[in-house]
Amino acid sequence: FMQQHGWVLALLLVAVAYLLRSAGRRPGSRRRIEALLLRLPLIGEMLIKADTARFSRTLGTMLDSGVPLLGAAAIAREVVTNRLIADRLSGVADTVKAGGRVSDELGEAEVLPRFAVQMIRVGEESGELTAMLFRVAEVYERGLRSALKRALALLEPALILILGVVVAGIVLSILLAILGVNQLAF
């Protein structure tokens, strides 16, 4: 098949790569791809943990540096890589401007995990929002490291199996070539 139609397979791979790249540049398609990624079992969990840690760390750093909560919330929203999550976080600045609490808006947006929202609520009520944001970032960074270790542990046996199949295919093709040469001699 590869000798006869290998060029079709190569052309198909290039076309798929081009389509994925161009779809990632269009906002509507990118949002659908990001929504799909968030629904995937292991990948979605890691993306949410990474964005939660990134948002919390940035917001905590900005508040610790003396930036007002309104500006810090807008800046922290821009750090989030997933546009779907970032869009849902856009209401945080509006809620703060209206005099509401950050944790209330985060709870309504249902983007960040409930545990993170509860920790942020405790930080607001105790007056230690900055310290609690740093603690949230640490918890989710630790969780992300743990999830990455689990994913790599699952990936390792799969790679061994794939390499075994590739090596078996190479050995089989060499043996078939040797048998073909033997049959020509007789």
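For the reader, a short list of remarks on this structure follows.
- Among the residues of the range 157-173, the ones that are at pLDDT below 90 and either open to solvent by 90 Å² or more (accessible area, probe 1.4 Å) or of a type in the set (A, V, I, L, M) (or both) come to 0 in all.
- Residue match in the range 72-84 (condition: open to solvent by 30 Å² or more (accessible area, probe 1.4 Å), among the acidic types (Asp, Glu), assigned to a helix (DSSP H, G or I) and closer than 13 Å to residue 130 by Cβ): no
- Subset of the range 96-128 that is aliphatic (A, V, I, L, M) and over 21 Å from residue 48 (Cβ atoms) - its residue that is farthest from the chain's Cα centre (by Cα): 98
- Within the range 130-150, residues that are over 19 Å from residue 64 (Cα atoms) sit with their Cβ atoms under 6 Å from residues that are among the polar types (S, T, N, Q), at 6+ positions apart or across chains, in these pairs: 140/52.
- Restricting attention to the range 18-46, the residues that are over 26 Å from residue 149 (Cβ atoms) and either open to solvent by less than 60 Å² (accessible area, probe 1.4 Å) or not hydrophobic (A, V, I, L, M, F, W, C) (or both) add up to 14.
The values are calculated or read from the model by the stated rules, or taken from the named source; none is laboratory data. Just so it is clear, the structure is predicted and the values come from calculations on it, not from any experiment. Note: ideal-geometry Cβ built from the backbone for every residue, glycine included; neighbour counts use all protein chains shown. SASA here: full protein model, heavy atoms, side chains in, ligands and nucleic acids out. Shrake-Rupley method; radii C 1.70, N 1.55, O 1.52, S 1.80 Å.
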